[in-house]
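Just below is one structure, and these are the notes that go with it.
The values are calculated or read from the model by the stated rules, or taken from the named source; none is laboratory data. Predicted model only: the values in this text are computed from it and were never measured. FYI the Cβ positions are ideal-geometry reconstructions off the backbone, even for glycines, and counts take in every protein chain you see. The area values use the complete protein model at the heavy-atom level, side chains included, leaving out ligands, DNA and RNA. Shrake-Rupley method; radii C 1.70, N 1.55, O 1.52, S 1.80 Å.
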Protein chains: 4
Amino acid sequence: MDADYSPAALERLFTALSNWGRWGDDDEQGALNHLLPEHRVAAAALVRVGESISLARNLATTPSPENPSPAHHHMLAAGDARDSNGIPGYEAARDYVGSDVHGLGVTHVDALSHMFVRGEMYGGRPASDVRSDGARSNTVMSMASGVVGRGVLLDIPRLRGIDFLENDDLIRRTDLEGAEAAARLRVGAGDIVLVAWGRDPRRQARRGAFDGMSGLHPDCLEWLHERDIAVLGSDGISDPMPGLAIENWPFPVHQVGITAIGLHLIDNMALAALGERCAAANRWEFLFSMAPLRIERATGCPVNPVAVL
Amino acid sequence: MDADYSPAALERLFTALSNWGRWGDDDEQGALNHLLPEHRVAAAALVRVGESISLARNLATTPSPENPSPAHHHMLAAGDARDSNGIPGYEAARDYVGSDVHGLGVTHVDALSHMFVRGEMYGGRPASDVRSDGARSNTVMSMASGVVGRGVLLDIPRLRGIDFLENDDLIRRTDLEGAEAAARLRVGAGDIVLVAWGRDPRRQARRGAFDGMSGLHPDCLEWLHERDIAVLGSDGISDPMPGLAIENWPFPVHQVGITAIGLHLIDNMALAALGERCAAANRWEFLFSMAPLRIERATGCPVNPVAVL
Amino acid sequence: MDADYSPAALERLFTALSNWGRWGDDDEQGALNHLLPEHRVAAAALVRVGESISLARNLATTPSPENPSPAHHHMLAAGDARDSNGIPGYEAARDYVGSDVHGLGVTHVDALSHMFVRGEMYGGRPASDVRSDGARSNTVMSMASGVVGRGVLLDIPRLRGIDFLENDDLIRRTDLEGAEAAARLRVGAGDIVLVAWGRDPRRQARRGAFDGMSGLHPDCLEWLHERDIAVLGSDGISDPMPGLAIENWPFPVHQVGITAIGLHLIDNMALAALGERCAAANRWEFLFSMAPLRIERATGCPVNPVAVL
Amino acid sequence: MDADYSPAALERLFTALSNWGRWGDDDEQGALNHLLPEHRVAAAALVRVGESISLARNLATTPSPENPSPAHHHMLAAGDARDSNGIPGYEAARDYVGSDVHGLGVTHVDALSHMFVRGEMYGGRPASDVRSDGARSNTVMSMASGVVGRGVLLDIPRLRGIDFLENDDLIRRTDLEGAEAAARLRVGAGDIVLVAWGRDPRRQARRGAFDGMSGLHPDCLEWLHERDIAVLGSDGISDPMPGLAIENWPFPVHQVGITAIGLHLIDNMALAALGERCAAANRWEFLFSMAPLRIERATGCPVNPVAVL
């Protein structure tokens, strides 16, 4: 990590990029405020071929190094007990699904209550707002009406002509600008920006082993802030793993991005299929749609975001 | 119930409306096959004002008569344990969410493995395909890429000039046709049809008591089949509750709709806000988007569908 | 409630009965300290007929008014998937069980971390020791080696010649003394005292309706403390339900018993069968054994205590 | 494995040791039928020093190679939300615990519905009795009143003067007889027999790595059957891991022991502390007590068995 990314530099960044109060003291939308109706109308107009593509990984129900606490999928009544409801003629299966919300394996969106810096959340709300019986502010309900807008894919390995980035090869601001230029568009207000570093290809090349992830260098944060994007997603967690060796700032994109800027982050997306379609058409923008479950006190939610081309 | 809806009539309907084999022996998409890329393109063009509206109820975590087994939302680390990850400076909250997939309270989509008629699922697959360790066919993965297309709201109480239907006041084929005519559109191939009977207003009028629901009369099934719709949703469960008094056919929309026609059903939607917007604009069609989690062996999933106007 | 049970009287009682520091500053056993090896030897000698009786209710998996959040019992592999392990010839069923620890339905034991008075637990430990990722002191591990000793049943309705007590008919100190006298024994150091008010008979008489429970009047607390009992159990929750109308002291047995005295409480026991056996033999003491699961950070545990006669 | 333990030999063993029908066609107790009231009385008389020792491991909540699906322990209300009940003055913590019932990590007891041989359970009941909504016969309710009797520890490594057995060093019938002789007792009707191979010492020597377990050779089965024991427990799973290379009979103790003999098995016990106490006193018998939760349709239960010396 560069000398200029000292803890003090991160402190300054945190202050400089803070959106606290920008949309009023009660605001819990953060950067989602940038996403306006007109952006949705424009995003809908991007649909050309009518193909819908999932940007989520399958919800794993068996453990793996990147996901040691996988989801529960339990049948409550399978085909053998299809009569368990007791209503003659009514034959039905029922099931239960449960999952950790965060982590390194599940495709999920982070609400603004997921992160704290020195005990404070976005907007200066105290950590005590996230009680053991659920969060009282900055919850996933900020996205209750869905996040629908223009999605932009910045596919860094493709830009560089490689299959994937190594863990210590971070994505820089210049990469984002380069990918934007190559895509012949300008990332702007209200965009949902998806940054790929090549997680799936790397996993395949490593035969499934999990030893970390590439991610965004902190110098990307200013750019993301300048461009007024609404949401940031990644095939990793946006931050590299393991975290950076900056004292107290191991995960700057989470710490500055969520807490200062008010960015909702989408972690562990599946972006390989989208990358192929975008490359084939040489179009990197699309209609994006994602709607977390309406869990009133949650700090995030597993999701299945889709791109419509 | 009319004399002409005898068990024998339902049998005939089941056979007459069957789509088994229509799209090949391996098909697990059912009526979703009607939803083509061109429909998505056309649906996207319906976005005018850029407003996104949630069609889901909040995921209840406390029990109620209509939802006796509510969801679990458990904090794994709240604000008081934001340091629980052990990484200096990294302060994060984590949570767990679990839910029954089906029932009368949770907004969810039924996969084609949810229902059986005499031990068979859509396509003639055996009940034994839905094992106690998960479904092997007709799973929710049919919708893994999202369900995106034209949504049409048929708001029956509004058509009739009332606030809500009583439980024994069923929605007939003529109601659907009437609502369609009033909406000045034609329900057609690939549409996601949402039928409202006024659940929220009725609940309010009844002060929260739950004593059943209105729903579709079986004579709607032929119409839905003729029109080649892709998905059917309702603020109830499409079938009236309690079930009809037709021997062995208590829930014809589930039994014939899911199993014969191959319709994915969305149950327990929140349609009141959408109804108001549609009425105000006098436009009843919109871009619809829904993407269940990618749970490989599930028979359905809680969802938060959105309408984009 | 008597005039002499003012909030101030409860305050005095709390101070007077406090065992904080009695067994050292690090003590987390509370009144379990009274239960000595010699008591176990003596208790074992009470076994005469060799009958073992369960003192637990079935773990409900369907909701009821007294247990709105019942346990989960999910099959992971039933008979239909007995081959799911993939080992030829190995045919096995597997399941999952989950339960709330406390409440009014599940037979469970309260650890000393279950209750606080003005933010403090037994021994003066702060509420912050019970973090959202688990309790750090006064956990159920106090009972990790099992609670084995002399059990004594004080069956109040039988003493009074009635089937059950009404909710507002509280058990007084004189009742406990009367039952003790009738049992021709003396409750003493290390005893596990089980007090029955007739929950099951009352439930039966009320046809399953749940409208509250009888319990111990606060004047019992001094007696329990004087006698140096180790554990208190009840077919209710020891406190009457709904709570008493003493400001800030709705549940004195929980508040003073657990927090000041350091009593582990067993709630929602099934005592009817035991009562019948004891009455038939006119013997009210027996070997008692209970062993909560070793959950390192739990504030209690569902249990199945047994009496051996 | 010896030549004489061919699949055909196991078939013969299964038939020869079968207790099906021995206690009537309706019997679901299996070998528990051997444990009579007189055995409980005699077992109680074994209590000399009054020490109670847990025979369970802590319930792990983090994954490990031997326990990839650990328990859930979730706080529902920690100290920070002790007021969440809404009753003034009532400050309480609440939690939830959930666990897989079987596996290689959790101390648990297997009910007779856990195992099948060619689709049949103990007593000839069909696999279809274990439905996806729970078992209908041979459930854990067989032990609802608790398992209380004489426990006998057969500590094989101590007998051999070593710390632990290697995986491929199986326990033979001669080992059991040798340990019995060294203990100067005779294993007999109704005994709860606990066989240690040194799991904890081996784990320590291997620094926590998990690569399998020793266990009982099938030639032990005849001996266990001849002696009419009631229950078999082990610090492993009684069978060695990975399973034996006998076609279709990978786990003979589970397959013959549970299904033919009707033995309830206790897996993954913690026997090291008990071994030390027994060796110090040179007494290998004790009062044993275990009481699984009363889960009506379960195939087993996590337990905390105790030995009282």
Worksheet item: With respect to the numbered conditions (1) within 13 Å of another protein chain (Cβ to nearest Cβ); (2) under 16 Å from the mean Cα position of the chain (by Cα), which one is the sole condition not fulfilled by C:LEU271?
Response: (1)
Discussion item. So for region C:129-137 (the condition being within 14 Å of chain D (Cβ to nearest Cβ), closer than 29 Å to D:ALA270 by Cβ and in contact with a Leu (Cβ under 6 Å, 6 or more places away or on another chain)), does at least one residue qualify?
Written reply: no
Worksheet entry | Residues of region B:202-226 satisfying the condition of being at pLDDT 95 or above and over 15 Å from B:ASP168 (Cβ atoms) | B:ASP219, B:CYS220, B:LEU221, B:GLU222, B:TRP223, B:LEU224, B:HIS225, B:GLU226
Worksheet, complete the sentence: Being within 7 Å of chain C (Cβ to nearest Cβ), of a type in the set (D, E, K, R) and on the phi < 0 side of the Ramachandran plot narrows D:GLU91, D:GLU120 down to just D:GLU91
Worksheet item: Can you tell me how many residues in region A:109-124 are surrounded by fewer than 24 Cβ atoms within 10 Å (Cβ to Cβ) and either closer than 13 Å to B:GLU91 by Cβ or among the polar types (S, T, N, Q) (or both)?
Response: 4
Discussion item. List the residue pairs whose Cβ atoms are under 8 Å apart, where the first residue sits in region D:39-62 and is touching a residue at least 60 places away in the same chain (Cβ under 8 Å), the second is basic (Lys, Arg) and assigned to a helix (DSSP H, G or I), and the two are 6 or more positions apart or on different chains.
Written reply: D:VAL47/C:ARG40; D:GLY50/C:ARG40; D:GLU51/C:ARG40; D:GLU51/D:ARG277; D:SER52/C:ARG40; D:ILE53/D:ARG277
Worksheet item: Does region D:290-305 contain at least one residue that is touching a residue at least 24 places away in the same chain (Cβ under 8 Å) and more than 8 Å from chain C (Cβ to nearest Cβ)?
Response: no
Worksheet item: Hey, does region A:150-168 have a residue that's closer than 30 Å to B:VAL49 by Cα and within 14 Å of chain B (Cβ to nearest Cβ)?
Response: yes
Worksheet item: Within the bounds of region D:53-72, is there any residue that is among the acidic types (Asp, Glu) and not in a loop (DSSP other than H, G, I, E, B)?
Response: no
Worksheet item: What is the residue count in region B:35-52 for residues that are part of a helix (DSSP H, G or I) and either modelled with pLDDT under 95 or surrounded by fewer than 22 Cβ atoms within 10 Å (Cβ to Cβ) (or both)?
Response: 5
Worksheet entry | Test: B:ALA281 is at pLDDT 95 or above and open to solvent by 30 Å² or more (accessible area, probe 1.4 Å) | yes
Fill in: Residues of region B:50-62 classified as within 7 Å of chain A (Cβ to nearest Cβ) and more than 21 Å from B:ALA291 (Cβ to Cβ), total
0
Discussion item. Please pick out the residue among D:GLY24, D:GLY86 that is more than 7 Å from chain C (Cβ to nearest Cβ), open to solvent by 10 Å² or more (accessible area, probe 1.4 Å), assigned to a loop (DSSP other than H, G, I, E, B) and at pLDDT 95 or above.
Written reply: D:GLY24
Worksheet item: Taking the condition touching a strand residue (DSSP E or B) at 6+ places or on another chain (Cβ under 6 Å), open to solvent by 10 Å² or more (accessible area, probe 1.4 Å) and not polar (S, T, N, Q), does D:LEU263 pass?
Response: no
Discussion item. Take the conditions without any contact (Cβ under 8 Å) to a residue 12 or more places away in the chain and more than 9 Å from every other protein chain (Cβ to nearest Cβ) and apply them to C:GLU276. Does it pass?
Written reply: yes
Worksheet item: How many residues does region A:125-137 hold that are surrounded by fewer than 24 Cβ atoms within 10 Å (Cβ to Cβ), part of a strand (DSSP E or B) and in contact with a helix residue (DSSP H, G or I) (Cβ under 6 Å, 6 or more places away or on another chain)?
Response: 1
Worksheet, complete the sentence: The lone condition B:GLY161 fails out of (1) over 19 Å from B:PHE251 (Cβ atoms); (2) over 20 Å from the mean Cα position of the chain (by Cα); (3) in contact (Cβ under 8 Å) with a residue 24 or more places away in the chain; (4) open to solvent by 10 Å² or more (accessible area, probe 1.4 Å) is (3)
Item to complete: Please name all residue pairs, on different chains or six or more residues apart, with Cβ atoms under 8 Å, provided the first residue is in region B:203-225 and is without any contact (Cβ under 8 Å) to a residue 12 or more places away in the chain and the second residue is part of a loop (DSSP other than H, G, I, E, B).
Response: B:ARG203/B:ALA209; B:ARG203/B:PHE210
Discussion item. Checking the conditions here, which among A:VAL97, A:VAL106 is buried (at least 21 other Cβ atoms within 10 Å of the Cβ), within 23 Å of B:PRO292 (Cα to Cα) and facing another protein chain (nearest Cβ under 7 Å)?
Written reply: A:VAL97
Discussion item. Being open to solvent by less than 20 Å² (accessible area, probe 1.4 Å), without any contact (Cβ under 8 Å) to a residue 24 or more places away in the chain and more than 7 Å from every other protein chain (Cβ to nearest Cβ) is the filter here; which residues of region B:63-83 pass it?
Written reply: none
Response to the item:
When region D:251-270 is checked residue by residue, the ones that are touching a Ser or Thr at 6+ places or on another chain (Cβ under 8 Å) and assigned to a loop (DSSP other than H, G, I, E, B) are D:ASN268, D:ALA270
Discussion item. Show the residue pairs meeting these rules: Cβ distance below 6 Å; 6+ apart or different chains; first residue within region C:254-270 and among the hydrophobic types (A, V, I, L, M, F, W, C); second residue assigned to a helix (DSSP H, G or I).
Written reply: C:VAL256/C:LEU13; C:VAL256/C:PHE14; C:VAL256/C:LEU221; C:ALA260/C:PHE14; C:ILE261/C:ALA31; C:ILE261/C:HIS225; C:LEU263/C:ALA31; C:LEU263/C:GLY257
Worksheet item: Which members of region B:164-195 meet the condition of being among the β-branched types (Val, Ile, Thr) and surrounded by 18 or more Cβ atoms within 10 Å (Cβ to Cβ)?
Response: B:ILE171, B:VAL187, B:ILE192, B:VAL193, B:VAL195
Response to the item:
Condition set of a type in the set (Val, Ile, Thr) and part of a loop (DSSP other than H, G, I, E, B), scope region B:199-250, selection surrounded by the fewest Cβ atoms within 10 Å (Cβ to Cβ): answer is B:ILE246
